[in-house]
Amino acid sequence: MLNDDIDSLVELMRAGPTTIVAGAGMSTDAGLPDYRGSGSAGTPTVDFDLFMSAPKWRAWGWQRNHESWRSVAALDPTPAHRAVATLEKAGYVKMVATQNVDGLDARAGIENVALLHGTFDEVQCLQCDSLFPREEVHRWMAQRNPGFTQDPNPANAAILATADEEAADKCTFDPAPCPKCAGILKPAVVFFGESLPGEQLERAFAAAATSSLILVVGTSLVVGTGMWVVGQGLNAGADLAVINRGPTQADQWAQWRSETGASEVLTAVADQLLGEWR
């Protein structure tokens, strides 16, 4: 049972378009952990400077990515993602600005997504800026590293590898270079210390500034990117609603707040706004 007045959130969404700012709590029902890395209370990860500092860190980062990326790629969207996709098609949701890199928004059919922290589904070359599908890069990596197996458990997924120097020293993984320029390849996830994707941020800012409601889903907003999007909406006069298990950096400005899970709340909202949709 929901402990909150869902009717109030429904009325806020009826008043005009909503921009959703999403974090890990949007995807936990799919089997992913509520990931928190450097810059928060979590375990330090291989940041951008470390990745670039020595071959051992690139090898270790790629080994963990190679072992776990398919467990993320195989996940089904959550009921929360499916509810948002339906609400978007009905005109209630303008954009999802997501801090997640799991690709579940697109798999659910959500069309207007701003990837604030990049994506697990692509690989980028740091020299020529080429992008490659992760499946294609997997074949290159597997050919060079036949002894490394896949971990099917998404709870062990290494969105970013832990900064484990002992493991990096022992790592024998041999990352493939860019086939176009022989440059360094990197998962197209924004590492800590790396520049954020400007175009994605601008799209998110524009949507937030022209929305009636900012709906925070499954993020504490400790990592500042999502909070910047929230700020754009608040500065333009938008209302704020929050769905998160635990406090967030934006709670003091919220007109509506829930500690219930994202899937439960968003499916209930879709039920009221759309009737039979599942």
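The values are calculated or read from the model by the stated rules, or taken from the named source; none is laboratory data. Because the structure is a prediction, the values reported are computed rather than measured. All Cβ positions, glycine included, derive from the backbone under ideal geometry; neighbour counts span all protein chains shown. We work out accessible area using only protein heavy atoms, side chains counted, and drop any ligands, DNA or RNA first. Shrake-Rupley method; radii C 1.70, N 1.55, O 1.52, S 1.80 Å.
I'd like the full set of residues that are open to solvent by 50 Å² or more (accessible area, probe 1.4 Å) and either acidic (Asp, Glu) or within 20 Å of Thr28 (Cα to Cα) (or both), limited to the stretch 252-277.
Answer for the stretch 252-277, where residues must be open to solvent by 50 Å² or more (accessible area, probe 1.4 Å) and either acidic (Asp, Glu) or within 20 Å of Thr28 (Cα to Cα) (or both): Arg257, Glu259, Glu264, Asp271, Glu276.
Restricting to the stretch 157-186, name every residue that is open to solvent by 40 Å² or more (accessible area, probe 1.4 Å) and in contact (Cβ under 8 Å) with a residue 60 or more places away in the chain.
Once the filter is applied, which keeps residues that are open to solvent by 40 Å² or more (accessible area, probe 1.4 Å) and in contact (Cβ under 8 Å) with a residue 60 or more places away in the chain, the stretch 157-186 yields Thr162, Ala163, Asp164, Asp169, Thr172, Asp174, Ile184.
Considering only residues that are in contact with a Gly (Cβ under 8 Å, 6 or more places away or on another chain), under 21 Å from Gly224 (Cα atoms) and open to solvent by 10 Å² or more (accessible area, probe 1.4 Å), which ones fall in the stretch 14-33?
Matches in the stretch 14-33: Ala24, Gly25, Thr28.
Hey, among the residues in the stretch 86-103 that are under 16 Å from the mean Cα position of the chain (by Cα) and farther than 19 Å from Asn156 by Cβ, which one's most open to solvent (accessible area, probe 1.4 Å)?
Selected residue: Gln99.
Looking at the stretch 187-210, which of its residues are touching a Pro at 6+ places or on another chain (Cβ under 9 Å) and surrounded by 24 or more Cβ atoms within 10 Å (Cβ to Cβ)?
Within the stretch 187-210, just Ala207 meets the criteria.
Can you find a residue in the stretch 224-240 that is open to solvent by 10 Å² or more (accessible area, probe 1.4 Å) and at pLDDT below 95?
Checked against the condition, which is being open to solvent by 10 Å² or more (accessible area, probe 1.4 Å) and at pLDDT below 95, the stretch 224-240 yields at least one hit.
Within the stretch 113-133, which residues are closer than 19 Å to Cys178 by Cβ, touching a helix residue (DSSP H, G or I) at 6+ places or on another chain (Cβ under 6 Å) and open to solvent by less than 10 Å² (accessible area, probe 1.4 Å)?
Phe120, Val123
Can we say His81 is more than 21 Å from Gln200 (Cα to Cα) and either touching a residue at least 24 places away in the same chain (Cβ under 8 Å) or open to solvent by 20 Å² or more (accessible area, probe 1.4 Å) (or both)?
No; evaluated as a whole, the condition is false for this residue.
How about the stretch 187-242: which of its residues are under 28 Å from Trp62 (Cβ atoms), touching a strand residue (DSSP E or B) at 6+ places or on another chain (Cβ under 8 Å) and free of Cβ contacts under 8 Å to residues at least 40 places away in the same chain?
The answer is none; no residue qualifies.
Being under 30 Å from Trp140 (Cα atoms) and either of a type in the set (Val, Ile, Thr) or modelled with pLDDT under 95 (or both) narrows it down to one residue among Val189, Val216; which is it?
Testing whether each residue is under 30 Å from Trp140 (Cα atoms) and either of a type in the set (Val, Ile, Thr) or modelled with pLDDT under 95 (or both) leaves just Val189.
Select the strands (runs of 3 or more DSSP E) contained entirely in the stretch 113-173, then report the ones holding at least 1 residues which are modelled with pLDDT under 95 and under 30 Å from Met227 (Cα atoms).
It comes to 118-125.
Out of curiosity, is Gly246 within 19 Å of Ser27 (Cα to Cα) and touching a strand residue (DSSP E or B) at 6+ places or on another chain (Cβ under 7 Å)?
For Gly246, the condition - within 19 Å of Ser27 (Cα to Cα) and touching a strand residue (DSSP E or B) at 6+ places or on another chain (Cβ under 7 Å) - is not met.
Select the helices (runs of 4 or more DSSP H) contained entirely in the stretch 25-98, then report the ones holding at least 2 residues which are farther than 22 Å from Trp277 by Cβ and modelled with pLDDT of 95 or more.
By residue number, 48-53, 55-73.
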